[in-house]
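Reading through the structure tokens given below for one structure.
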Amino acid sequence: MPPRDDPGFDAAAARALLEAAREGVTGDAEQATGYYWGDEVLKPFVAAIRDEAVRSGDERLEQLTNRFLK
């Protein structure tokens, strides 16, 4: 993770939460990033990750992003 004041922090936090969810350790990522699952601030980043998942055929990541965005 980049430092909290890094402009890329929120994008990295979104990806960290999604990857943690894939591994079943969402709480760890929430604690590490300071964001919670479904946080509005991260939704634009998660939507971009969903687009990547669709393009790459990563169905599990697409499913997780859709759950985050609900």
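The values are calculated or read from the model by the stated rules, or taken from the named source; none is laboratory data. Treat the numbers as computed from the prediction; the structure is a model and nothing was measured. No Cβ is skipped: glycine too gets one built from the backbone with ideal geometry, and neighbour counts run over all protein chains shown. Keep in mind that these areas ignore ligands, DNA and RNA; they rest on the heavy atoms of the full protein, side chains included. Shrake-Rupley method; radii C 1.70, N 1.55, O 1.52, S 1.80 Å.
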> Name the pairs: first residue in region 45-60 and over 13 Å from ALA14 (Cα atoms), second residue open to solvent by 50 Å² or more (accessible area, probe 1.4 Å) and assigned to a helix (DSSP H, G or I), Cβ to Cβ under 6 Å, at least 6 apart or on different chains?
Replying inline: ALA53/GLU62; VAL54/GLU62
>> For region 19-40, give me each residue that is of a type in the set (A, V, I, L, M) and over 21 Å from ALA53 (Cβ atoms).
In response: ALA32
>> For region 1-27, give me each residue that is surrounded by fewer than 17 Cβ atoms within 10 Å (Cβ to Cβ) and either of a type in the set (Ser, Thr, Tyr) or under 18 Å from GLU59 (Cβ atoms) (or both).
In response: GLU19, ARG22, GLU23, GLY24
>> Filter region 28-66 down to the residues that are closer than 17 Å to PRO2 by Cβ, hydrophobic (A, V, I, L, M, F, W, C) and surrounded by 16 or more Cβ atoms within 10 Å (Cβ to Cβ) and list them by number.
In response: ALA29, LEU42, PHE45, ILE49
